[in-house]
Amino acid sequence: MGFPKNFLWGGATAANQCEGGYDEGGRGLANVDVVPHGSERRLVTTGVRKMLDFEEGYYYPAKQSIDFYHRFRQDIALFGEMGFKTFRLSIAWSRIFPKGDEEEPNEEGLKFYDAVFDECHKYGIEPLVTITHFDIPIHLIKQYGGWKNRKLVEFYKRLVTVLFNRYKGKVKYWLTFNEINMILHLPFMGAGLYFEEGEDRKKAEYRAVHNELLASAWAVKIAREIDPTMKIGCMLAAGEFYPYCCDPEDIWLARQTDRSNLMFIDVQARGYYPSYALKQFERDGIDINLTEEDREILKNTVDFISLSYYSSRCVSTRADVEKAGGNAIGGVRNPYLKCSEWGWAIDPLGLRITLNSLYDRYQKPLFIVENGLGARDVVEKDGSINDDYRIDYLRQHIIEMKKAVEEDGVELWGYTTWGCIDLVSASTGEMSKRYGFIYVDRDDYGNGTLERRKKKSFEWYRKVIATNGEDLS
Ligand code: BGP
């Protein structure tokens, strides 16, 4: 009983939130570089405010992030000390193809990830690689309009072909797109989309959706040709939608909202668009340009389904219910749940519910690749950081995940906590929204020594891994 012997415990990061070195090693500029910290961030990530270059008067945290680009050896050594079995990281597309549409890749960028993967293997850590985590070369946005243009499928195919050929034998687990459903919530981050006055936003988004789904299926096909032992997964920003009350109107709204996110995984896991989606496109006059050849390509389904889980969500048809915060996806406040400082509802049982729903629906192995608590940490006078709140959050979630495995029979391959080392927040651009077991000395405006320091949770997680999730005390 308990977790399977080869359960993949570890932590997760994304290139733009930790690497920095934005103009080093021949890297080109990407959408994620030009997303500023501060009040306009949200407008930029949602495509309302067009920002395709650095502008004066703004601070851009991704330029240096936590400098993983230069410090990865030290950081991976710390992951090794915690006993990580896996480390999730993402590739910065513009390190490999600086503009995105070149014929030949940038060798220096490829070498960087070679060094990162080699370092992981030194400690017996299996890399888990997200091919794109909110990351698009800016040239592909300026020149082609981002993912709404079908040409991006070709450029992505070129990227994955290079990656799979280069890293076969070094990387077994791949995710095609981080939180693919975020296209609908953070379209500039998810698909490089921004909207002109009067533009039909929905049409652009769903064209991008189709192109990313195609690209993802191509990645599966290409991986199987290059190295059939590779495992390719999709990735969902998950979290069940609860109806606020048992009014059937609320139940129906919850069902529909769930579907708007699950539609992506329906395609990636089953190999075709569900009928409710096709009907919706028809109703909304959206032509995704689905050809016969596309239908064939989409049949290349993923090996496993990965997900981020921070909280459940709640929706209501009633106008008098308080709105909720949360991970870019709206809803109403669930009165039964407490929230984090950033307003994200804390719902460990919701993780069990979500895992069961996904497993019921797809019957494919699952992998939790993000979970964690963003919180402000205090460095005590003696240098210690006593993040008991984080330990408590993770413990409660691991307990529920264990029940899903042990009692419900969900097939779960692994668990990587988000931001295992403090990094830049995707939604706010802050450093002070910390998730890590390792503290990084840096503030929201780029001040600090970047020194790394173990938090109390470091030793706790080391023990969790060493006992394969048995000792959570
Ligand atoms: C997910 C993203 C991550 C990450 C996480 C936490 O949506 O995949 O990139 O940042 O959320 O969110 P935040 O950084 O906004 O706290």
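One table, with the values for the structure above:
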{"quantity": "Residue match in region 453-462 (condition: acidic (Asp, Glu), over 28 Å from TYR359 (Cα atoms) and within 15 Å of the ligand (Cβ to nearest atom))", "calculated": "no"}
{"quantity": "Hits in region 276-285 - residues which are closer than 16 Å to LEU213 by Cα and not aliphatic (A, V, I, L, M)", "calculated": "PHE281"}
{"quantity": "Count - residues of region 374-383 that are within 16 Å of the ligand (Cβ to nearest atom), more than 25 Å from THR86 (Cβ to Cβ) and not charged (D, E, K, R)", "calculated": "0"}
{"quantity": "Unique match (being among the polar types (S, T, N, Q) and within 16 Å of the ligand (Cβ to nearest atom)) among ASN371, ASN386, ASN356", "calculated": "ASN371"}
{"quantity": "Helices (runs of 4 or more DSSP H) contained in region 76-188 and holding at least 3 residues closer than 28 Å to TYR206 by Cα", "calculated": "93-96, 138-144, 151-167"}
{"quantity": "Exclusive hit being surrounded by fewer than 20 Cβ atoms within 10 Å (Cβ to Cβ), free of Cβ contacts under 8 Å to residues at least 24 places away in the same chain and under 16 Å from PRO348 (Cβ atoms), set ASP408, ASP392", "calculated": "ASP392"}
{"quantity": "Every pair of residues 6+ apart whose Cβ atoms lie under 6 Å, when the first sits in region 416-442 and is in contact (Cβ under 8 Å) with a residue 40 or more places away in the chain and under 25 Å from VAL464 (Cβ atoms) while the second is of a type in the set (S, T, N, Q) and surrounded by fewer than 22 Cβ atoms within 10 Å (Cβ to Cβ)", "calculated": "LYS433/SER425"}
{"quantity": "Residue count for region 204-254, restricted to those that are in contact with a Pro (Cβ under 6 Å, 6 or more places away or on another chain) and β-branched (Val, Ile, Thr)", "calculated": "1"}
{"quantity": "Which numbered condition TYR359 misses (of (1) without any contact (Cβ under 8 Å) to a residue 12 or more places away in the chain; (2) in contact with a helix residue (DSSP H, G or I) (Cβ under 9 Å, 6 or more places away or on another chain))", "calculated": "(1)"}
{"quantity": "Enumeration of residues in region 127-147 that are in contact (Cβ under 8 Å) with a residue 60 or more places away in the chain and more than 17 Å from TRP218 (Cα to Cα)", "calculated": "LEU128, HIS133, PHE134, ASP135, ILE136, PRO137, ILE138, HIS139, ILE141, LYS142, GLY146"}
{"quantity": "Within region 2-56, tally of residues that are within 16 Å of the ligand (Cβ to nearest atom), of a type outside the set (Gly, Ala, Ser) and closer than 28 Å to ILE96 by Cβ", "calculated": "15"}
{"quantity": "Lone qualifier among ARG224, ARG207, ARG255, ARG201 - being basic (Lys, Arg) and farther than 25 Å from ASP135 by Cα", "calculated": "ARG255"}
{"quantity": "Test set (1) free of Cβ contacts under 8 Å to residues at least 24 places away in the same chain; (2) over 20 Å from GLY374 (Cβ atoms) - LYS50 fails condition number", "calculated": "(1)"}
{"quantity": "Top-ranked residue in region 362-399 [being over 21 Å from the mean Cα position of the chain (by Cα) and part of a helix (DSSP H, G or I); ranked as nearest to SER432 (Cα to Cα)]", "calculated": "TYR389"}
{"quantity": "Residue in region 325-339 that is touching a Leu at 6+ places or on another chain (Cβ under 9 Å) and under 18 Å from THR257 (Cα atoms) present", "calculated": "yes"}
{"quantity": "Total residues in region 15-38, condition surrounded by 20 or more Cβ atoms within 10 Å (Cβ to Cβ) and either over 24 Å from PHE458 (Cβ atoms) or touching a Gly at 6+ places or on another chain (Cβ under 9 Å) (or both)", "calculated": "15"}
{"quantity": "Residue within region 96-111 that is in contact with a helix residue (DSSP H, G or I) (Cβ under 7 Å, 6 or more places away or on another chain), under 30 Å from ILE465 (Cα atoms) and either surrounded by 24 or more Cβ atoms within 10 Å (Cβ to Cβ) or in contact (Cβ under 8 Å) with a residue 24 or more places away in the chain (or both) present", "calculated": "no"}
{"quantity": "Selection count, region 402-438, where residues are within 16 Å of the ligand (Cβ to nearest atom) and under 19 Å from the mean Cα position of the chain (by Cα)", "calculated": "22"}
{"quantity": "Condition check for ILE136: of a type outside the set (D, E, K, R) and closer than 30 Å to GLY469 by Cβ", "calculated": "no"}
{"quantity": "Matching residues in region 322-355 - criterion: being touching a helix residue (DSSP H, G or I) at 6+ places or on another chain (Cβ under 7 Å) and at pLDDT 90 or above", "calculated": "ILE346, PRO348, LEU349, LEU351, ARG352, LEU355"}
{"quantity": "Residue that is farthest from GLN17 (Cα to Cα), among those in region 189-201 that are part of a helix (DSSP H, G or I) and of a type in the set (Gly, Ala, Ser)", "calculated": "ALA191"}
{"quantity": "Subset tally (residues that are in a loop (DSSP other than H, G, I, E, B) and either farther than 14 Å from ILE138 by Cβ or aliphatic (A, V, I, L, M) (or both)) for region 25-46", "calculated": "10"}
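The values are calculated or read from the model by the stated rules, or taken from the named source; none is laboratory data. Model, not experiment: these values are computed from the prediction. Backbone-built Cβ (ideal geometry, glycine too); neighbour counts: all protein chains shown.
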